[in-house]
Amino acid sequence: MSATAMTDTSTVRKPLLSVAEAQAFMLCAARPVTEVEHIDTMRANGRVLALAQTSTLNVPERDNTQMDGYCVRASDCASGAASLPVSQRIAAGHVGQPLQPGTAARIFTGALLPDGADCVVMQEQCTAADGVVTVNHVPQAGEWVRRQGEDIRAGGEILAAGRRLRSQEMGLAASVGLAQLPVLRKLRVAVFFTGDELAMPGQPLAPGAVYNSNRFTLRALLENLGCEITDLGIVPDSLQATKAVLRQAAQGNDLIITSGGVSVGEEDHIKPAVEAEGRLNMWQIAVKPGKPLAFGEVNQAFFVGLPGNPVSSFVTFLLFVRPFILRLQGVAGNLAPRSYKLPASFERLKADKRNEFLRAKINQHDELELFANQGSGVLTSTVWGDGLIDCPPGLSIARGDMLRFIPFNELLY
């Protein structure tokens, strides 16, 4: 063999990207949507805030009571058994008269403190009869009082741009009177599924055919993320058919996601189709399950090709597609899911050269229990499990080892 042939690197296969490298590559490539819509706050769940929101008022508006009881002056109750005439009754939503020295007012949770009162004594510490209350307690000024603006100050920012709105954010916006919110438009995602063997539930299953579970899994994952979905169905194993559907999917969509056909077999047409219609920027990751993940662009739409095996498709969506979609939607900040260190209740001495994500659940002893069959086609593992163990390349696991565990509830929404 000549020296030239020995040093020719064109035939040397490049090392596969790590999980972290692939995630960073995709996030760096993301172009977030910019179009803004103003929608009713009631309909904003799951949307991404386009502009920071400030409050025009204090919350609470004025000092109010945290408890049902009696509002008093603390100085009038220093004896620990003060008897005071009850001068008025103040319910939430009503404004009382100024409290005269040496008197008390019956007050209910959320009601505004009248001028002159500086604390509230809860009713369990009082005895009332014939218009007089005996305060069996020595209160301190400010006791059981919510101070004006202790939650929100007028003029202060309550929600930052790029925040994905949940029930908490919607409630916070409503608490300062925001009836509408500016949000980024929904991400438009086209999906299709390749394979002559795929059938839909309800159809008879021909020899060698399988039901298309990925269509149901991926659509639900996209719905969880609030995407606007165009489902182009099942595409036969044909290069021409794949190219035609890719062109169709690129029209008016921000992202194309496919399942199947991304490996190197003669009937795997996704890679050559994307290279013909657009470009492939990344292919194959050092991850298990899910090595043949593809990422590129077709016209102005991003493209992600997921493996066809159902667990591979599910796991790679959670690890790579979910954060990419969140960034495209305009979500700001760190998109890494929270994870926890938990001990293994098993041993797994055979290490893999790839970064494995093992389906596991938390047992009654707060230990990680491994699903027995970690095959990429064993979809029952994703239903049985509580989440994924992040097992780095080359790591063998002994009982009691502390492992990084990512719960599914950190990955699905």
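The values are calculated or read from the model by the stated rules, or taken from the named source; none is laboratory data. Treat the numbers as computed from the prediction; the structure is a model and nothing was measured. All Cβ positions, even for glycine, are placed from backbone atoms using ideal geometry, and neighbour counts span all protein chains on display. Note: accessible area is taken over every heavy atom of the protein model, side chains too, but ligands, DNA and RNA are not part of it. Shrake-Rupley method; radii C 1.70, N 1.55, O 1.52, S 1.80 Å.
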Cβ-Cβ under 7 Å, sequence separation 6+ or interchain: first residue in the stretch 103-116 and more than 18 Å from Val133 (Cα to Cα) and touching a residue at least 24 places away in the same chain (Cβ under 8 Å), partner of a type in the set (Lys, Arg) and surrounded by fewer than 19 Cβ atoms within 10 Å (Cβ to Cβ). Which pairs? Leu112/Arg62
Residue check for Ala190: in a strand (DSSP E or B) and either on the phi > 0 side of the Ramachandran plot or aliphatic (A, V, I, L, M) (or both): yes
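Restricting to the stretch 324-351, what's the tally of residues that are farther than 23 Å from Lys271 by Cβ and either open to solvent by less than 40 Å² (accessible area, probe 1.4 Å) or among the β-branched types (Val, Ile, Thr) (or both)? Before the answer, list the steps.
Our first condition is that a residue be farther than 23 Å from Lys271 by Cβ; within the stretch 324-351, this holds for 326-327, 329-351.
After this cut, where a residue has to be either open to solvent by less than 40 Å² (accessible area, probe 1.4 Å) or among the β-branched types (Val, Ile, Thr) (or both) as well, the list is 326, 329-331, 335, 337, 342-346.
Adding up the residues that qualify gives 11.
Mind counting the residues in the stretch 255-273 that are at pLDDT below 95, over 16 Å from Phe314 (Cα atoms) and crowded, with 19+ Cβ neighbours inside 10 Å?
Of the stretch 255-273, the ones at pLDDT below 95 are 259-273.
Narrowing further to those that are over 16 Å from Phe314 (Cα atoms): 263-273.
When the remaining residues are screened for being crowded, with 19+ Cβ neighbours inside 10 Å, the result is 268-271, 273.
Residues that pass the stated criteria total 5.
Report yes if Ile234 is part of a strand (DSSP E or B), under 29 Å from Lys353 (Cα atoms) and out of contact with any helix residue (DSSP H, G or I) (no Cβ under 6 Å at 6 or more places or on another chain), otherwise no. Lay out the reasoning, then the answer.
Working: part of a strand (DSSP E or B): yes; under 29 Å from Lys353 (Cα atoms): no; out of contact with any helix residue (DSSP H, G or I) (no Cβ under 6 Å at 6 or more places or on another chain): yes.
No; evaluated as a whole, the condition is false for this residue.
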Of the conditions (1) out of contact with any helix residue (DSSP H, G or I) (no Cβ under 6 Å at 6 or more places or on another chain); (2) farther than 30 Å from Glu35 by Cβ, Val331 satisfies every one except a single condition; which number is it? (2)
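In this structure, does Gln148 turn out to be open to solvent by less than 70 Å² (accessible area, probe 1.4 Å) and not aliphatic (A, V, I, L, M)? Can you show your working first?
Values: open to solvent by less than 70 Å² (accessible area, probe 1.4 Å): no; not aliphatic (A, V, I, L, M): yes.
No.
Applying the selection to the stretch 85-102, what residues are assigned to a strand (DSSP E or B) and out of contact with any Phe, Trp or Tyr (no Cβ under 8 Å at 6 or more places or on another chain)? Walk me through it before giving the result.
Here is the first cut: in the stretch 85-102, the residues assigned to a strand (DSSP E or B) are 85-90.
Residues satisfying the conditions are Pro85, Ser87, Gln88, Arg89.
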I'd like the residue in the stretch 111-142 that is under 14 Å from Gly80 (Cβ atoms) and assigned to a loop (DSSP other than H, G, I, E, B) and, out of all such residues, is most open to solvent (accessible area, probe 1.4 Å). Gln140
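In the stretch 170-216, which residue that is charged (D, E, K, R) and under 24 Å from the mean Cα position of the chain (by Cα) is farthest from Gln240 (Cα to Cα)?
Looking at the filtered set, the residue picked out is Arg185.
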Of everything in the stretch 352-365 that's out of contact with any Phe, Trp or Tyr (no Cβ under 9 Å at 6 or more places or on another chain) and either under 15 Å from Glu410 (Cβ atoms) or free of Cβ contacts under 8 Å to residues at least 40 places away in the same chain (or both), which residue is surrounded by the most Cβ atoms within 10 Å (Cβ to Cβ)? Phe357
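Scan the stretch 212-227 and tell me whether some residue there is part of a loop (DSSP other than H, G, I, E, B), hydrophobic (A, V, I, L, M, F, W, C) and modelled with pLDDT under 95. I'd like the intermediate steps shown before the answer.
Just the residues of the stretch 212-227 that are part of a loop (DSSP other than H, G, I, E, B), to begin with: 212, 225-227.
Going one step further and asking which of them are hydrophobic (A, V, I, L, M, F, W, C), we end up with 225, 227.
Among the residues that remain, those that are also modelled with pLDDT under 95 are: none.
No; the residues of the stretch 212-227 include none that is part of a loop (DSSP other than H, G, I, E, B), hydrophobic (A, V, I, L, M, F, W, C) and modelled with pLDDT under 95.
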From the options Leu319, Leu335, Leu368, Leu411, residue that is of a type in the set (A, V, I, L, M), closer than 26 Å to Ile256 by Cα and touching a Phe, Trp or Tyr at 6+ places or on another chain (Cβ under 8 Å): Leu319
Checked the stretch 81-108 for anything under 15 Å from Met122 (Cβ atoms) and not aliphatic (A, V, I, L, M); matches are Arg106, Phe108
Selection within the stretch 156-177 - under 16 Å from His38 (Cβ atoms), open to solvent by less than 40 Å² (accessible area, probe 1.4 Å) and not in a helix (DSSP H, G or I): Leu159, Leu165
All but one of (1) within 27 Å of Leu16 (Cα to Cα); (2) small (Gly, Ala, Ser); (3) at pLDDT below 95 hold for Ala241; state the number of the condition that does not hold. (1)
Scanning the stretch 189-231 residue by residue, those among the polar types (S, T, N, Q) and either in contact with a Gly (Cβ under 9 Å, 6 or more places away or on another chain) or open to solvent by 80 Å² or more (accessible area, probe 1.4 Å) (or both) turn out to be Thr194, Gln203, Asn212, Asn214, Asn224, Thr230
Single residue of the stretch 73-82 satisfying the filter (open to solvent by less than 70 Å² (accessible area, probe 1.4 Å) and free of Cβ contacts under 8 Å to residues at least 60 places away in the same chain) that is nearest to the chain's Cα centre (by Cα): Arg73
